Amino acid sequence: MTKEAAFADAYTAHFRQVRGLCRQLLGSAERADDAAQEAFMRAYKAFDSYDSAQPFGGWIMTIARNYCLDVLRRRRTDPVVFGTEAEERAAAEAHDADGLASALSAERATAVNAAVAGLPERYRVPLALAYYADSNYDEIATALGITRTHVGVLLCRAKQLLRQTLAEEAA
């Protein structure tokens, strides 16, 4: 199989997942299309260095994640998107914490996606990395340049905001 054919198969198999991650990270379908295409272009250029013993999906998702984070850093007008760990912890402790699982039922997927898209960037990005890119706390912390604990606080706060938004919509 030629390089082009192998890459075309990988593109077909993973484009939707990559675009979904980009949409969650960037908060826009239009920007997600551009970012997904850019991630695949970068992957194609580096395809000769790809280790075929590793899953292609993980490799391309890492490329897409890193590209989207770079885009977010470049477009950031507020120099500090992520508050301090103490601020996030205080905000998280200010609300009661219910499980997120009840909000993620299939019939509410559209409402959940809209609520995620409406989150401030500092909460949407770690949430997307955790749940759409299956990144662990250490990977998210490294990608965002924050501590592992700070990641946990941001995710907790993001879930609280999601619950609040979804409860308001249901009322």
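Worth pointing out:
- Scanning region 129-152 finds no residues that are more than 15 Å from the chain's Cα centre (by Cα) and of a type in the set (Asp, Glu).
- Test: residue in region 23-35 that is of a type in the set (Ser, Thr, Tyr), surrounded by fewer than 14 Cβ atoms within 10 Å (Cβ to Cβ) and out of contact with any strand residue (DSSP E or B) (no Cβ under 6 Å at 6 or more places or on another chain): yes
- Given (1) under 20 Å from residue 25 (Cβ atoms); (2) out of contact with any Asp or Glu (no Cβ under 7 Å at 6 or more places or on another chain); (3) at pLDDT 85 or above, number of the condition residue 54 does not satisfy: (1)
- Listed by first and then second residue, the pairs with beta-carbon distance under 8 Å, at least 6 apart or on different chains, first residue in region 14-37 and on the phi < 0 side of the Ramachandran plot and not assigned by TED's automatic domain parsing to the domain that holds residue 117, second part of a helix (DSSP H, G or I) and of a type in the set (Val, Ile, Thr), are 14/60; 18/60; 24/116; 25/125; 26/71; 31/71; 35/71; 36/18.
Listed here are the residues, each with its yes/no results for (1) in a helix (DSSP H, G or I); (2) at pLDDT 90 or above; (3) surrounded by fewer than 17 Cβ atoms within 10 Å (Cβ to Cβ); (4) not acidic (Asp, Glu).
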{"site": "62", "(1), (2), (3), (4)": "yes, yes, yes, yes"}
{"site": "78", "(1), (2), (3), (4)": "no, no, yes, no"}
{"site": "86", "(1), (2), (3), (4)": "yes, no, yes, yes"}
{"site": "92", "(1), (2), (3), (4)": "yes, no, no, yes"}
{"site": "102", "(1), (2), (3), (4)": "yes, no, yes, yes"}
{"site": "113", "(1), (2), (3), (4)": "yes, no, yes, yes"}
{"site": "125", "(1), (2), (3), (4)": "yes, yes, no, yes"}
{"site": "149", "(1), (2), (3), (4)": "yes, yes, yes, yes"}
{"site": "165", "(1), (2), (3), (4)": "yes, no, no, yes"}
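- So residue 8, is it loosely packed, with under 12 Cβ neighbours inside 10 Å, of a type outside the set (Asp, Glu), modelled with pLDDT under 95 and over 29 Å from residue 147 (Cα atoms): no
- Scanning region 142-161 for residues that are more than 13 Å from residue 128 (Cα to Cα) and of a type in the set (A, V, I, L, M) returns 146, 153, 161.
- When we screen 127, 154, 161, 166 for residues that are touching a helix residue (DSSP H, G or I) at 6+ places or on another chain (Cβ under 9 Å), closer than 22 Å to residue 19 by Cα and of a type in the set (A, V, I, L, M), the only hit is 127.
- The number of residues in region 42-60 that are assigned to a helix (DSSP H, G or I) and free of Cβ contacts under 8 Å to residues at least 40 places away in the same chain comes to 7.
The values are calculated or read from the model by the stated rules, or taken from the named source; none is laboratory data. Keep in mind that this is a model prediction, so the values were computed, not measured. Please note: Cβ atoms are built from the backbone with ideal geometry, for glycine as well, and neighbour counts cover all protein chains shown.
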